[in-house]
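The structure under discussion appears below in the form of C-alpha cells.
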Protein chains: 2
Amino acid sequence: MAQKKIKPIGTRKAKSDIRNKIFDFKREQILEVSERLFYHRGFQATTLDIIAEELGVTKPFIYYHFKNKRSILLHLLERTMGKYHDVFAGVDVESGKPEVILKDLVQRFTLVVIETRVSTAMFWRDEKDLPLDRKEKIRDMKRDVDNKLTRVIERGIDDGIFDVKDPKMASLCVAGMVTWTYTWYQADGRSTPDEIADRMTEYVLNMVGIRK
Amino acid sequence: MAQKKIKPIGTRKAKSDIRNKIFDFKREQILEVSERLFYHRGFQATTLDIIAEELGVTKPFIYYHFKNKRSILLHLLERTMGKYHDVFAGVDVESGKPEVILKDLVQRFTLVVIETRVSTAMFWRDEKDLPLDRKEKIRDMKRDVDNKLTRVIERGIDDGIFDVKDPKMASLCVAGMVTWTYTWYQADGRSTPDEIADRMTEYVLNMVGIRK
DNA sequence: ATTAAATTATACTTTATAGTATATTTTTTA
DNA sequence: TAAAAAATATACTATAAAGTATAATTTAAT
C-alpha cells in the first residue's frame, strides 16, 4: 500500500471558522512553548517529550499539528524573517536625506531585534539545523540588511554629511552592535526598547562621523 | 569492586620527554579536529564517531585521551578564555589617557576575537552545553570586559575627552560590534586583522564622540 | 629476549529520543 | 441519536550515538 494517511497539516479546508481558530491557536501554543524551550536549551537538546510535557499533552498531539520537530523551528524562523522583511522592505535607501534614512533603519532594526530577540538568538545558534535553502534565505536577508546600511552610508559620504572610512565594514559594525542587543536586552532593565533604539541611533550617527 | 581503572588523562608522570610530547600532540590533534567540527556542525550534532573518523582513529582512542565529549569542549573554551584573560588582564583602565586605553582595549579585543573566532562562536552557541560553573566563568569574563570598557569611557567623559551618553550601554555596543567580527571575518578577505582592528578603533572613538 | 605497561581497536551495551501504528475519545454531521 | 470524522492518547519501533569491556598490538623496561 503506497497510500499514506494525509494529515491536516498546514492549509486546511475552510469548514467552521471557530474550529480553524482553535486549530491555529493550538499550533500557536506549540510554537510559543517550543520557542521558549529552543531558546533556553537549544534546538537539539529540546526533545519533543519535553515540549509535550510543557504543554500538558502527548507527543502525537504535536505530530498532528506539525510534520516534525524541524518544521516547528522552520515556522518560528520563517515568521521572524517575515518581521525583519516587513521592517526593511519599506525603507528606500536611494532617496531622502541619508542621516534620516540611517536613523530610521537603525531605529527599526533595533526594535525588531528586541522584539524578536528569542528567535533572533536562534538565527545565530540553530541556523545549522535548517535545510540548506532556508539557510540561504537567512543569509540573503542578512546581506540585504548590510547592503542597505552600506548604501545609505555611502550616500552620506558622497553628500559630505558622513565622514567614515570603509562603509562596508562600518555597516557590519552597525549590524553587529544592533544585533548584539539580543544578548543583553532585559525586559525588566532600566531602559525601554524605544530608549535603547534612540541611543543606538545616536551612537551610530556618531560612528559614521555625522557633521553636526 | 569499587576500584576503577585510572586512565592517564590530564596530568601524567614525567617519564620520557618525547612520549609526553607525543601524548600532548595527540590531544592537540583531537582538540583541533573537534574545534573545527563543533564549529561547523555544532556541539550536539558532532558525534565522537565523526571526530574519530576525521582523525583516522576509533572512538576509544579519543576516550583514552579525554574523559568524555563534554571535556573536549571544556578544554577548547578554557583555552580561549585564557587568551581573553591574557589580553585584558594586562590593561589598567584606571590610569593613563582614556582615549589611549580605549584604543588599546578595542585593538586587543578585536585581534583576540579574530584569532579565536571559531571558539568565540562556540561561546555564544554551545555555552548551554557547559556545566554551570563554567557558564558562570564565561559570564564573569564577559562582565569583566564590559566593566573595563565602561570604566574607561566614564573616565573619558569625566576628563571631557569623550562625549557620549550612557557609558554602560555604549560599552555593550562596543563589545557587540567587536565580537560580531567573528561572524563576518574572512581569512581570505580584503582586510588583515590589523587593518580591521585599526578601523574598529576609529569607529569606536567616533562613537564615544572623541574631541578631535 | 621476555615481561610489563601503555596504547589502540573490535565489538558490544545502554540510553535517549524522533517518529509511528493503533486504539480511544471527542466532536461534528446527517 | 447514530454514523462519520477529527482529535488525542497509549504503547510501541527504530535508530543514532555516548560510552565501555575486553582483546590485540605496540612500546618501553629489565
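The values are calculated or read from the model by the stated rules, or taken from the named source; none is laboratory data. As the structure is a prediction and not an experimental result, all values here were calculated from the model. Reconstructed Cβ throughout: ideal geometry from the backbone, glycine too, with neighbour counts over all protein chains shown. Side chains are part of the model used for accessible areas, which takes the heavy atoms of the whole protein and leaves out ligands, DNA and RNA. Shrake-Rupley method; radii C 1.70, N 1.55, O 1.52, S 1.80 Å.
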Subject >> Yes/no for A:R41 being open to solvent by 30 Å² or more (accessible area, probe 1.4 Å) and modelled with pLDDT under 95 >> reply: yes
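Can we say B:V174 is outside any helix (DSSP H, G or I), surrounded by 19 or more Cβ atoms within 10 Å (Cβ to Cβ), aliphatic (A, V, I, L, M) and in the same structural domain as B:S119 (by TED's automatic domain parsing)?
No; evaluated as a whole, the condition is false for this residue.
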Subject >> Condition check for A:R151: charged (D, E, K, R), open to solvent by 50 Å² or more (accessible area, probe 1.4 Å) and within 13 Å of chain B (Cβ to nearest Cβ) >> reply: no
Original post:
Failed condition for B:V33, given (1) at pLDDT 95 or above; (2) within 13 Å of DNA strand D (Cβ to nearest atom); (3) of a type outside the set (D, E, K, R), with all others met?
Top reply: (2)
Subject >> Answer residue from segment B:53-98, given it is hydroxyl-bearing (S, T, Y) and within 16 Å of DNA strand C (Cβ to nearest atom) and is nearest to the other protein chains (Cβ to nearest Cβ) among those >> reply: B:Y63
Original post:
Any idea which of (1) closer than 27 Å to B:E202 by Cα; (2) more than 14 Å from chain A (Cβ to nearest Cβ); (3) within 17 Å of the chain's Cα centre (by Cα) is the one B:R134 doesn't satisfy?
Top reply: (1)
**OP:** Select from segment A:64-77 the residues that are open to solvent by less than 80 Å² (accessible area, probe 1.4 Å) and farther than 14 Å from A:D129 by Cα and list them in ascending order.
**Re:** A:H65, A:F66
Original post:
Which residue, of A:D86, A:D126, A:D163, is open to solvent by 60 Å² or more (accessible area, probe 1.4 Å), assigned by TED's automatic domain parsing to the domain that holds A:W184 and more than 30 Å from A:N20 (Cα to Cα)?
Top reply: A:D163
**OP:** Hey, can you tell me all the residues within segment B:179-209 that are among the β-branched types (V, I, T), more than 9 Å from every other protein chain (Cβ to nearest Cβ) and open to solvent by 40 Å² or more (accessible area, probe 1.4 Å)?
**Re:** B:T192
**OP:** All but one of (1) touching a helix residue (DSSP H, G or I) at 6+ places or on another chain (Cβ under 7 Å); (2) in contact (Cβ under 8 Å) with a residue 24 or more places away in the chain hold for A:K128, so report the exception by its number.
**Re:** (2)
